[in-house]
1. Among the residues of the stretch 64-81 satisfying the criterion of being small (Gly, Ala, Ser) and in a helix (DSSP H, G or I), which is surrounded by the most Cβ atoms within 10 Å (Cβ to Cβ)?
2. Quick check on my filter: what residues within the stretch 512-547 are touching a Cys at 6+ places or on another chain (Cβ under 9 Å) and open to solvent by less than 20 Å² (accessible area, probe 1.4 Å)?
3. Does the stretch 203-216 contain at least one residue that is among the aromatic types (Phe, Trp, Tyr) and either touching a Pro at 6+ places or on another chain (Cβ under 9 Å) or part of a loop (DSSP other than H, G, I, E, B) (or both)?
4. Considering the stretch 580-595 alone, what residues qualify as being over 34 Å from the mean Cα position of the chain (by Cα) and assigned to a strand (DSSP E or B)?
5. From the list 415, 453, 447, pick out the single residue that is at pLDDT 85 or above and either part of a helix (DSSP H, G or I) or within 30 Å of residue 191 (Cα to Cα) (or both).
6. I'd like the residue in the stretch 313-328 that is touching a residue at least 60 places away in the same chain (Cβ under 8 Å) and open to solvent by 10 Å² or more (accessible area, probe 1.4 Å) and, out of all such residues, is farthest from residue 212 (Cα to Cα).
7. Within the stretch 548-568, can you find the residues that are loosely packed, with under 12 Cβ neighbours inside 10 Å and modelled with pLDDT of 90 or more?
8. When the residues of the stretch 596-616 are narrowed to those that are hydrophobic (A, V, I, L, M, F, W, C) and assigned to a helix (DSSP H, G or I), which ends up nearest to residue 539 (Cα to Cα)?
Amino acid sequence: MSLLLLLWPLALIQRPEAESPLWARRSLILLISVLTLRYLYWRCTASLNLDSSVSTSLSSLLLLAESWLLITGLLPLWLAWRRFLDRRREAQKRHQDWQASEWRPHVDILVPTYGEPLAVLQRTLLGCTQQSYAHTSVLVLDDSGREEVKRLAKRLGCRYLHRPERRHAKAGNLNAGLGRCDGELVAVFDADFIPQHRFLERSIGFLLDPDVALLQTPQSFINADPVMRNLRMESWLLPDEESFYRWIEPVRDGWGAVVCAGTAFVVRRHALDGIGGFIEGALSEDYVTGIALRAQGWKLQYLQQKLSAGLAAESMEDFVQQRQRWANGTLQSLGLTHGPLRAHGLSPGQRLAYLEGVVHWLNNLPRLVLMLMPLSYGLFGIAPILLDQRAIIDLMLPLWGTVLLSIGWLNRNSRSALLTELTGWVLTVPLVVSLICNVLGASVGFRVTPKHRQRSQGGWAWFLALPLIVLSLFNLANLLGLVQKLWLEGWGELGPLQLGLVWAGLNLLGTLIALRACWNPPQTDPAPWLSLDHEAEVIDSGGHRHPCRITAISESGVELGFAKEVPPLIHGSQLHWTAAVPPLPLVILQIQERRAGLDWGNLSEPQRHSLIRWLFCSDGVWPDRRPRREVLGLLVLLKRLLCGGSAPQAFNRSLVPRRS
């Protein structure tokens, strides 16, 4: 029976999600739900340790945490019962309908900035000012009041606005910008988010429907997040946000409950005016503004096309603090008039879809309980769950086996079953701290995530590492205690002690890997590097052309592969690979067999601008990646844990894939 239950999900997920019928997804949702309820019934009736008051308390706490996670885990699955929308299929028709119409609205592009480096802001402004759609104006909303930003805006043909009083953070800045423009549509890009050349052309058609207030597009990233980079797992892990933009947003779109993500969206000005502009007083002004629009009866839609890309956090400290800010903002929204609990005009399904985002952050508390509970086996001699071999085979294995086998397919290949949980190991403790602070009314305010910073040497994120060191030491002591007890009492058949041993071992492994991710390697070159395979040729000063292939490229340099040995590269050599970028001068950095690592020479402003536009603003360059074979990924991860990984350097860069 257990074997049949494990084979059923395998039979359902043989085809890619996009080709599979709706009944397959619903069958899998029903199967997981039945297995979950069956497991919870057993947990409530036959697995509690009631021998003493301490064992009863621990056993009940574990049951409560496990039940919460299992039941809330069913919520996104049941939201996916509906046929969710993939608007990529209708994008072409919307575009054609718009082209056939005479509607050519003026679009005000707002770029709020507060202290971001000029190199970061310049990329975004180059993307905004070079849109294929002509009826636009770009407003740089500078809350830092920097003279150099004003000069950059003027040089690139943008309007500049600095408000005298910096109130209500990003929402206040955006509203100040709204007061200085009158376009029919408004597009918003964070200072580090670079739109592609045809962003507006591909988006405006959806607002041809007069009932649509907002179109949200995915967030993609031009650099690896710190978990991926610090573990040197860039080619194995997917960004933490992929699951949200490829699974959760399409599901919510099916319920009419799209989440506004704060950047890379287009909104109707009339709709914004109807709710008083961007909602001020909210830490997550984007999330709350979207709910306010939906509550007024407007439609919010989601187009799953990567039409822009930005910068992920560059250190573990910044990564975690960014997530803490998101958690605080989402939790704070519960008490706001336009939040998911109090907003009027939402259907029950829409309210539930919005609240699912709140549940995501609350889940860190029971997750911490599961991280700590194995300590009860070795340190206290108490088994918080009573089970035997039959319960493991008949109840636990079918449920967890089905979930692990099907999770990637259900999430539309946006995450893997186990590797994706690495981020949770790092985030759980600090997010629980944020949750407690929020309950006590001590949540933090808005803070811009630092970008484009150099680090001459590596260092630990100590405020993250110290709790993980303590957990690792406790887990090690717990594991040794269990081994000693099993050694003395005999290993016997599979039971509570054996489960505790496995659980403690996995916990120790998880905390050690999370600890390894808290080491930030040096970053001497803050420019994002992209991997690709593109034909090119080196042109020397004598006019000779040497064919090669670009394997990695950035604003600071390029890495080339040659079919034979690297030709002599002398002063005056240039690289040519596309008509969109003039030949660029090269400076030798490192030669290795058939590979050459090169810096760009002294680039003129037009050369640098054309390079940036080709790198980041070309159409369709950001792929939807699929998880690689997870077993191999786990082996690579263990190797990284035992042997470490080298810091990014020539021929071993931290790379993000780009289509050629």
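The values are calculated or read from the model by the stated rules, or taken from the named source; none is laboratory data. Remember, it's a predicted structure, so these values are computed and weren't measured experimentally. Cβ atoms come from the backbone with ideal geometry, glycine included; neighbour counts cover every protein chain shown. In case anyone asks, the SASA skips ligands and DNA or RNA and just uses the protein heavy atoms, side chains included. Shrake-Rupley method; radii C 1.70, N 1.55, O 1.52, S 1.80 Å.
1. 65
2. 536, 538
3. No, because not a single residue in the stretch 203-216 is among the aromatic types (Phe, Trp, Tyr) and either touching a Pro at 6+ places or on another chain (Cβ under 9 Å) or part of a loop (DSSP other than H, G, I, E, B) (or both).
4. 585, 586, 587, 588, 591, 592
5. 415
6. To start, the set of residues in the stretch 313-328 that are touching a residue at least 60 places away in the same chain (Cβ under 8 Å) comprises 313-325, 327-328.
Now narrow it down to the ones that are open to solvent by 10 Å² or more (accessible area, probe 1.4 Å): 317, 321-322, 324-325.
On the way: 317: 38, 321: 34, 322: 30, 324: 31, 325: 29 Å.
Among residues in the stretch 313-328 that are touching a residue at least 60 places away in the same chain (Cβ under 8 Å) and open to solvent by 10 Å² or more (accessible area, probe 1.4 Å), the one farthest from residue 212 (Cα to Cα) is 317.
7. Of everything in the stretch 548-568, just one residue is loosely packed, with under 12 Cβ neighbours inside 10 Å and modelled with pLDDT of 90 or more, namely 563.
8. Our first condition is that a residue be hydrophobic (A, V, I, L, M, F, W, C); within the stretch 596-616, this holds for 596, 598, 600, 603, 611-612, 614-616.
Applying the additional criterion that residues be assigned to a helix (DSSP H, G or I) yields 611-612, 614-616.
Numbers: 611: 18, 612: 21, 614: 20, 615: 21, 616: 25 Å.
Going through the qualifying residues, I end up with 611.
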